[in-house]
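The values are calculated or read from the model by the stated rules, or taken from the named source; none is laboratory data. A quick note: this is a predicted structure, and the numbers were derived from the prediction, not measured. Cβ sites come from the backbone with ideal geometry, for glycine too, and all protein chains shown count toward neighbours.
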Amino acid sequence: MTYYYPAVITKKEKGGYRVDVIDLEGCYGEGADLEDALENARYAGVNWLLAESEDQSDFPMQTHLDDIRLNPGQKATMLAFLMPREGWEE
C-alpha cells in the first residue's frame, strides 16, 4: 500500500536540504543534496508509519498542499511512502 503526505523542502543556510513531512510528527530527512534529503524523508516516513501501525489503525489526515504556509525559499511537495508487504524479506 502507498500513502501520500505533504512535505516542506528547505535549503539549509550551511548547505544541504531538509525535508519535513509535516503531518507525521518529528518526521524529516536531511541530505547534502535534494535527492538524498527526499530519500531520507521517505525512509523516515515509512518507518514512522510502520511504528504507528503497531500502535493504532488510523494514520494522520493529510494536509492539502494549498493549506501549507511556506517561508521564502521553501517548496511543498507530496511524498509517496510505499509500505512493505508482510512477509517480504528486507
(Q) Being without any contact (Cβ under 8 Å) to a residue 40 or more places away in the chain and on the phi > 0 side of the Ramachandran plot is the requirement here; does residue 29 meet it? (A) no
Q. Going through the range 51-63 one residue at a time, which ones are surrounded by 10 or more Cβ atoms within 10 Å (Cβ to Cβ) and either touching a residue at least 60 places away in the same chain (Cβ under 8 Å) or under 14 Å from residue 4 (Cα atoms) (or both)?
A. 59, 60, 62, 63
Q) So, in the range 1-50, of the ones that are touching a Pro at 6+ places or on another chain (Cβ under 9 Å) and exposed (fewer than 13 other Cβ atoms within 10 Å of the Cβ), which residue ends up modelled with the highest pLDDT? A) 25
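Considering only residues of the range 11-53 that are touching a Cys at 6+ places or on another chain (Cβ under 7 Å) and part of a helix (DSSP H, G or I), which is nearest to residue 65 (Cα to Cα)? Before the answer, list the steps.
Step one: list which residues in the range 11-53 are touching a Cys at 6+ places or on another chain (Cβ under 7 Å), which gives 21, 44-45, 48.
Now drop any that are not part of a helix (DSSP H, G or I), which leaves 44-45, 48.
Values: 44: 20, 45: 17, 48: 21 Å.
Of everything passing the filter in the range 11-53, 45 is nearest to residue 65 (Cα to Cα).
In this structure, does residue 2 turn out to be of a type in the set (S, T, N, Q), out of contact with any His (no Cβ under 7 Å at 6 or more places or on another chain) and under 22 Å from residue 84 (Cβ atoms)?
Details: of a type in the set (S, T, N, Q): yes; out of contact with any His (no Cβ under 7 Å at 6 or more places or on another chain): yes; under 22 Å from residue 84 (Cβ atoms): yes.
In short, yes.
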Q) Does the range 11-19 include one or more residues that are touching a residue at least 40 places away in the same chain (Cβ under 8 Å) and under 20 Å from residue 62 (Cα atoms)? A) yes
